[in-house]
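Visitor: Got a structure here, written out as structure tokens. Questions coming.
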Amino acid sequence: MKRPVAISDSANFYVSAERIFDPTLKNVPVIVLSNNDGCAIARSDEAKALGIKMGTPLHHIRDKVEDHGIRVFSSNYTLYGDISRRVVEVYEDFTPNVEIYSIDECFLDFVGFQDRTAHAMALRAAVLRRVGVPVRIGIAPTKTLAKCANDIAKKNPIFAGVLDMMDESLARWLLPRVPVGDIWGVGRKTTGKLKALGVYSAADLRDLPIRQARAVGTVVLERIVLELQGEACLAFEDVVPQRKGMAVTRSAGTPMTDFDTLFQAITAHASRGAEKLRQHGLVAGTLTVFFHTNKHRPDRPQYTASRTTRMTPMSSDTFDLVEAARHCAEAAWPKSDVKSYGFTKAGIMLNDLVRFEDRPQTLFDQAVPKSPALMKALDDVNQRFGKKTMVLACEGMNQTWRLRADHRSPRYTTRMEDLPVVR
Amino acid sequence: MPVYPIDEPVHIPSQSVRIVSTPVSAGFPSPAGDDLEDEIDPMAWVVRHPTSTFWWRVEGDCLWDAGIRDGDIIAVDRAGKRRIGRAVLAVVEGAVTAKILRKRGDRYYLAPANSQEQFPDVELTEDSEIWGVIAGVVRRYDLA
């Protein structure tokens, strides 16, 4: 019994989200930049047609931006996150099971629908009407094949954004046309190895003997081969597995040269980490602080540091985490030539996460009975009055380490002062 | 099997132990306890489809007669039915505008609703698009 699974994704999702509120972006080249306004991470079709590649640094394309009037945006994750949530809500009206794979991709359980193509078309129309972003949908018996179908639908307008590949004869006809490097989970290195063996298309890979696949790319490639043959190896995960670790890391707007500035950034990251832990009802057992200089400037003095400490007791309290982060940062701070380093990235990692109720309690833990209430108050204030309304003072007031986001669009859907205006 | 004698329990002097901190009311239970309801939420009443409703701020008075003023905040539902006579948000020549949807003959128009000032009707063409239907309006007044 083959169980149909669909993957729905939005091409150029960030650009599509920007276009909802700004109609002047329609039919013109638009790009969205990565954190700190570094490189292009989303491009409208018009920008792609101008030859702007994924990951191109902004300073390489200044001329093109000028000549063609390309509209440039800093990434506005507040907006994209809200739009993504709304898209998922529409999916939930069309299938009982949704697996969120990324901000713009979801696997949808398509078991039990009579006319899958019609159902997918209706879903596509609903997302476009209700939220305003276009999506493409691929349907197949396995996730890997569904990804292929989605890709084909994306590249060939003839499918009108929906391709149902449950029919084996259709898959047989289409797979020779999918380059092996485009398959989900096949990296560049593996692609090279496969081409050396004469495996160029998805169909070639599907017909590769299993043993050979395992020899080339371990059990991962073996699973991809089976998936291409229509045997589902990747389960539908409608329940997100519990996080095992999390990281909060950012590039600095301007390089950080003194401990106080670095510690401001680390305090902010540790506070955010603590907030995320509490959101998921978790506590952390270890905390790692890391920071380093700009690796792309080998002409400047280089320094990379990382320190880890155990959290005893395990905690999600902002004060505990910032305190631990301070010890780590102090231990990792360079002991000599301090003035010569410019740190461009800092972050924290939290590991050994367990649910708050399951945390080990030692006999001699000093009970801090007010901590949960204080943290709840902190989270409530920040939720009600906006992020970062109440922070630890060591985050600093004059935050030079903050990201550059010179071209960010308004946070249309989450801030009163950013509401879109109709005249 | 060896047997160890137990002399006396171990004492840790400075450690205090909290037993319970839940307050227990000693008087009568509230007679309203069984009849509590959620507070009314007019926003939820205005926003019938949260997924497809977005808030916009209005500039200008071209929908004055429809009760929408300069500075008002309006809820716009992208899933609302586009019916003749309804206030809608439309995109015309790259600009977003709030108007009443009208039909004359077999042509559709975007008409203002303001008897004091003259705003022109705009014909709805192939290139224009109805963004959504106005679901409600929110306004507040000074208290200070």
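Visitor: With respect to B:Ile74, determine if the residue is assigned to a strand (DSSP E or B), in contact (Cβ under 8 Å) with a residue 12 or more places away in the chain, more than 12 Å from chain A (Cβ to nearest Cβ) and of a type outside the set (Asp, Glu).
Guide: No; evaluated as a whole, the condition is false for this residue.
Visitor: Name the residues in region A:40-79 that are under 16 Å from the mean Cα position of the chain (by Cα) and not small (Gly, Ala, Ser), would you?
Guide: Answer for region A:40-79, where residues must be under 16 Å from the mean Cα position of the chain (by Cα) and not small (Gly, Ala, Ser): A:Ile41, A:Met54, A:Asn76, A:Tyr77, A:Thr78, A:Leu79.
Visitor: Please work out if B:Ala44 is of a type in the set (A, V, I, L, M, F, W, C) and either assigned to a strand (DSSP E or B) or over 15 Å from the mean Cα position of the chain (by Cα) (or both).
Guide: It is false that B:Ala44 is of a type in the set (A, V, I, L, M, F, W, C) and either assigned to a strand (DSSP E or B) or over 15 Å from the mean Cα position of the chain (by Cα) (or both).
Visitor: Please pick out the residue among B:Val96, B:Val137 that is part of a strand (DSSP E or B), touching an Asp or Glu at 6+ places or on another chain (Cβ under 6 Å) and aliphatic (A, V, I, L, M).
Guide: Residue meeting the stated conditions: B:Val137.
Visitor: Something else about it: Applying the selection to region A:142-178, what residues are part of a helix (DSSP H, G or I), free of Cβ contacts under 8 Å to residues at least 12 places away in the same chain and out of contact with any helix residue (DSSP H, G or I) (no Cβ under 7 Å at 6 or more places or on another chain)?
Guide: Matches in region A:142-178: A:Lys155, A:Pro157, A:Ile158, A:Ser169, A:Leu170, A:Trp173.
Visitor: Within region B:77-109, can you find the residues that are of a type in the set (Ser, Thr, Tyr) and away from chain A (no Cβ under 14 Å)?
Guide: B:Tyr108, B:Tyr109, listed by residue number.
Visitor: Related question: Does A:Arg223 fit the bill of being of a type outside the set (A, V, I, L, M, F, W, C) and buried (at least 18 other Cβ atoms within 10 Å of the Cβ)?
Guide: The answer is yes for A:Arg223.
Visitor: Follow-up. Got at least one residue in region A:44-53 being buried (at least 17 other Cβ atoms within 10 Å of the Cβ) and within 30 Å of B:Pro50 (Cα to Cα)?
Guide: Yes, the conditions are met somewhere in region A:44-53.
Visitor: Another question, if that's okay. Could you tell me whether any residue of region A:144-163 is over 27 Å from A:Ser44 (Cα atoms), exposed (fewer than 15 other Cβ atoms within 10 Å of the Cβ) and of a type in the set (Lys, Arg)? Talk me through it step by step, then tell me what you get.
Guide: From region A:144-163, those over 27 Å from A:Ser44 (Cα atoms) are none; that's our starting set.
No: zero hits.
Visitor: Same structure again: So which of A:Ser74, A:Ser84, A:Ser44, A:Ser10 ends up being of a type in the set (Ser, Thr, Tyr), under 30 Å from A:Arg423 (Cβ atoms), in contact (Cβ under 8 Å) with a residue 12 or more places away in the chain and within 14 Å of another protein chain (Cβ to nearest Cβ)?
Guide: So the residue among A:Ser74, A:Ser84, A:Ser44, A:Ser10 that is of a type in the set (Ser, Thr, Tyr), under 30 Å from A:Arg423 (Cβ atoms), in contact (Cβ under 8 Å) with a residue 12 or more places away in the chain and within 14 Å of another protein chain (Cβ to nearest Cβ) is A:Ser84.
Visitor: Looking for whichever is of a type in the set (Gly, Ala, Ser), surrounded by 16 or more Cβ atoms within 10 Å (Cβ to Cβ) and modelled with pLDDT under 95 here; the options are A:Ser84, A:Ser102. Which one fits?
Guide: The match here is A:Ser84.
Visitor: If you check A:Gly181, A:Gly198, A:Gly185, which single one turns out to be in a loop (DSSP other than H, G, I, E, B) and under 25 Å from the mean Cα position of the chain (by Cα)?
Guide: Numbers: A:Gly181 fails: in a loop (DSSP other than H, G, I, E, B); A:Gly198 fails: under 25 Å from the mean Cα position of the chain (by Cα).
The unique qualifying residue is A:Gly185.
Visitor: Let me ask something additional. Residue by residue through region B:49-61, note down the ones that are farther than 20 Å from A:Arg411 by Cα and either within 8 Å of chain A (Cβ to nearest Cβ) or at pLDDT 95 or above (or both).
Guide: Matches in region B:49-61: B:His49, B:Gly60.
Visitor: Determine, yes or no, whether A:Tyr91 is aromatic (Phe, Trp, Tyr), within 14 Å of chain B (Cβ to nearest Cβ) and not in a loop (DSSP other than H, G, I, E, B).
Guide: Yes; evaluated as a whole, the condition is true for this residue.
Yes/no matrix, rows are residues, columns are (1) in contact with a Pro (Cβ under 7 Å, 6 or more places away or on another chain); (2) surrounded by 19 or more Cβ atoms within 10 Å (Cβ to Cβ); (3) part of a loop (DSSP other than H, G, I, E, B); (4) within 14 Å of another protein chain (Cβ to nearest Cβ):
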{"position": "A:Val28", "(1), (2), (3), (4)": "no, no, yes, yes"}
{"position": "A:Ala40", "(1), (2), (3), (4)": "no, yes, no, no"}
{"position": "A:Phe107", "(1), (2), (3), (4)": "no, yes, no, no"}
{"position": "A:Phe113", "(1), (2), (3), (4)": "no, no, yes, no"}
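Visitor: If you go through region B:26-48 one residue at a time, how many are more than 14 Å from chain A (Cβ to nearest Cβ) and under 30 Å from A:Ile20 (Cβ atoms)? Spell out how you get there, then give the answer.
Guide: Step one: list which residues in region B:26-48 are more than 14 Å from chain A (Cβ to nearest Cβ), which gives B:26-42, B:44-46.
Still in the list and also under 30 Å from A:Ile20 (Cβ atoms): B:41-42, B:44-46.
Counting residues in region B:26-48 that are more than 14 Å from chain A (Cβ to nearest Cβ) and under 30 Å from A:Ile20 (Cβ atoms) gives 5.
Residue-wise test of (1) touching a residue at least 24 places away in the same chain (Cβ under 8 Å); (2) in contact with a strand residue (DSSP E or B) (Cβ under 6 Å, 6 or more places away or on another chain).
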position: A:Glu66; (1), (2): no, no
position: A:Ile103; (1), (2): yes, no
position: A:Gly112; (1), (2): no, no
position: A:Ala120; (1), (2): yes, yes
position: A:Leu128; (1), (2): no, no
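Here is a yes/no grid of residues against (1) in a loop (DSSP other than H, G, I, E, B); (2) in contact with a strand residue (DSSP E or B) (Cβ under 6 Å, 6 or more places away or on another chain); (3) of a type in the set (D, E, K, R); (4) surrounded by fewer than 17 Cβ atoms within 10 Å (Cβ to Cβ):
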position	(1), (2), (3), (4)
A:Met246	no, yes, no, no
A:Pro255	no, yes, no, no
A:Ala268	no, no, no, no
A:Val283	no, yes, no, no
A:Arg300	yes, no, yes, yes
A:Met311	no, yes, no, no
A:Ala325	no, yes, no, no
A:Glu330	no, no, yes, yes
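Visitor: If you take the residues of region A:123-141 that are over 30 Å from A:Leu226 (Cα atoms) and not in a loop (DSSP other than H, G, I, E, B), which of them is nearest to the other protein chains (Cβ to nearest Cβ)? I'd like the intermediate steps shown before the answer.
Guide: First, the residues of region A:123-141 that are over 30 Å from A:Leu226 (Cα atoms): A:125-134.
When the remaining residues are screened for being not in a loop (DSSP other than H, G, I, E, B), the result is A:125-130.
Details: A:Ala125: 11, A:Ala126: 8, A:Val127: 10, A:Leu128: 9, A:Arg129: 6, A:Arg130: 4 Å.
This residue is A:Arg130.
Visitor: Hey, any hits in region B:110-125 for a residue that's without any contact (Cβ under 8 Å) to a residue 40 or more places away in the chain, within 17 Å of A:Leu419 (Cα to Cα) and within 14 Å of chain A (Cβ to nearest Cβ)?
Guide: Within region B:110-125, not a single residue is without any contact (Cβ under 8 Å) to a residue 40 or more places away in the chain, within 17 Å of A:Leu419 (Cα to Cα) and within 14 Å of chain A (Cβ to nearest Cβ).
The values are calculated or read from the model by the stated rules, or taken from the named source; none is laboratory data. A quick note: this is a predicted structure, and the numbers were derived from the prediction, not measured. All Cβ positions, glycine included, derive from the backbone under ideal geometry; neighbour counts span all protein chains shown.
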